[in-house]
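The structure appears below as structure tokens.
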Amino acid sequence: MTPNATLGWKNLGWAGAALAAGTMAFSVPTAAQTYREQIGNDMSKCAPGAGPAVRVTINGVKNSSGRIRVQSYRGTASDWLEKGKWIYRIEAPARAGRMTFCMPVPSSGTYGIAVRHDVNGNGKTEISEDGGGMSNNPSINIFNLGKPSYKKTAFAVNGGVKSIAIQMKYM
């Protein structure tokens, strides 16, 4: 809701301005407000007919020690891998080989998934031990320092359940 340009804010009075400001605050979609929510791995959210969600299959988990962290991000330059800009996080004890997670997303749109294996479970990144991977399995090298462009990791979710596979990489 925006005031008529001819009237301007001052002609609305305090009550009108407060009402307009309150209406604008509530007009932001819920999906835009969702950040940093830790959730469980609820596979029922990836059942036939469910969604929007992403079924994430992680291949090549090195061993069964430590924890696996799966985080979803909006597939935009302003959100991808930015501190505090993840939408949902799922953490689970690592299991060697293949693991599957169901990552719900707020709505249809473009997203990216990042996975980290904290091998010793201390919450810190040890480059020589820990592993990681991202949606679309982009190349990670010294030039992009493990942060490929959102354009290389982004994928579309169109209301249902999107299945992706991520290959873990270790040093």
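Applying the Karplus parametrisation 6.51 cos²θ - 1.76 cosθ + 1.60 with θ = phi - 60° to the phi angles of region 128-137, what ³J(HN,Hα) value in whole Hz is obtained for each residue in order, glycine and proline being reported as x?
So the J values, rounded to whole Hz, are 6, 10, 6, x, x, x, 9, 4, 6, 6.
May I ask you to evaluate 6.51 cos²θ - 1.76 cosθ + 1.60, the Karplus curve with θ = phi - 60°, for each residue of region 53-68 and list the ³J(HN,Hα) values in order in whole Hz, giving x for glycine and proline?
Result, rounded to whole Hz: 7, 10, 8, 9, 9, 9, 10, x, 5, 4, 7, 9, 9, x, 9, 9.
With the dipole of region 70-171 worked out from charges on the C-beta (+1 for Lys and Arg, -1 for Asp and Glu) around the Cα centre, which of 123, 110, 166 lies farthest toward the positive end?
Highest projection toward the positive end goes to 110.
Relative contact order of region 34-170: what whole-number percent is it, with Cα pairs under 8 angstrom and at least 6 residues apart?
Relative contact order here is 34 percent.
Taking neighbour counts of Cβ atoms within 10 Å as a proxy for exposure, in what order, fewest first, do 91, 129, 37 appear? Let's see the in-between values first.
Numbers: 91 18, 129 15, 37 12.
Taking fewest neighbouring Cβ atoms as first place, the list is 37, 129, 91.
Could you tell me the ratio Rg/Rh of region 34-170? Both radii from Cα atoms, Rh via Kirkwood.
So for region 34-170, dividing Rg by the Kirkwood Rh gives 0.94.
Just to check, using Stokes-Einstein with a Kirkwood Rh over alpha carbon pairs, what's the diffusion coefficient of region 55-105 at 4 °C and 1.567 mPa s in µm²/s?
On the way: Rh = 11.9 Å.
Translational diffusion coefficient: 109 µm²/s.
5 Å is the cut-off here: which amide hydrogens, built 1.01 Å from N in the peptide plane, fall below it relative to residue 131, excluding neighbours closer than 5 in sequence?
117, 119
Principal axis lengths of region 97-171 from Cα atoms, whole Å, largest first?
For region 97-171, the Cα spread along each principal axis is 38, 27, 20 Å.
Enumerate the amide H contacts of residue 54 below 5 Å, restricted to partners 5 or more residues apart or on another chain; note that Pro and chain-start residues carry no placed amide H.
Under 5 Å from the amide H of residue 54: 103, 105, 162.
Each value in this text was obtained by applying a stated rule to the coordinates, not by laboratory testing. These numbers come from a predicted model, not from an experiment. All Cβ positions, even for glycine, are placed from backbone atoms using ideal geometry, and neighbour counts span all protein chains on display.
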